[in-house]
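I have placed the structure first, in the form of C-alpha cells, so that the comments after it can refer back to it.
The values are calculated or read from the model by the stated rules, or taken from the named source; none is laboratory data. Keep in mind the model is a prediction, meaning the values are calculated, not measured. Note that we place each Cβ from the backbone using ideal geometry, even for glycine, and neighbour counts take in every protein chain shown. Side chains included, ligands, DNA and RNA excluded: accessible areas come from the protein's heavy atoms. Shrake-Rupley method; radii C 1.70, N 1.55, O 1.52, S 1.80 Å.
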Amino acid sequence: MALSRAASASRAALLKPLAAGFLTSAPSPLRRPISTDTTPITIETSVPFTSHRCEPPCRSVETTPQELVSFFQDMAKMRRMEIAADSLYKAKLIRGFCHLYDGQEA
C-alpha cells in the first residue's frame, strides 16, 4: 500500500513540469515574440544530395517562418515527452523496455 502511494506521488512529481508547459497559455515575460511574417523563405542546402538509382531531391525548399516555428515546437514537445518517459522508466514506473531517441532530431 505504501509503495503504491509512493509510486503515484513520484509519478505526479515527474509529470508536473511537463503538464505545466501544456496547461499555461499566458505568455512568459522572458519569451521573445514569435514573428507573424508570412513572406516565403527559400532555404537551400550547401551540399548536393547523392542518390542511388533515382533522381536526387531538390536542393531548395520554400517555407514560411510560421511553418518553421511549428516544426520547432513539435520537435521540442516530442523531446520533452521522451525526457519524461526516460524519467518514468528510470523511476521504474514504466514496465518493460523503453527505447528513446532523445537528442536524435538532427
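Below is a table of values for the structure above.
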{"read-out": "Conditions (1) open to solvent by 90 Å² or more (accessible area, probe 1.4 Å); (2) at pLDDT 80 or above: number failed by Ser87", "value": "(1)"}
{"read-out": "Selected residue (only one of Arg80, Arg53, Arg59 is at positive phi and modelled with pLDDT of 90 or more)", "value": "Arg53"}
{"read-out": "Pairs where the first residue, in the range 66-90, is assigned to a helix (DSSP H, G or I) and the second is hydrophobic (A, V, I, L, M, F, W, C) and open to solvent by 80 Å² or more (accessible area, probe 1.4 Å), C-beta under 9 Å, 6+ apart", "value": "Gln66/Ile34; Val69/Ile34; Lys77/Phe22; Tyr89/Phe97"}
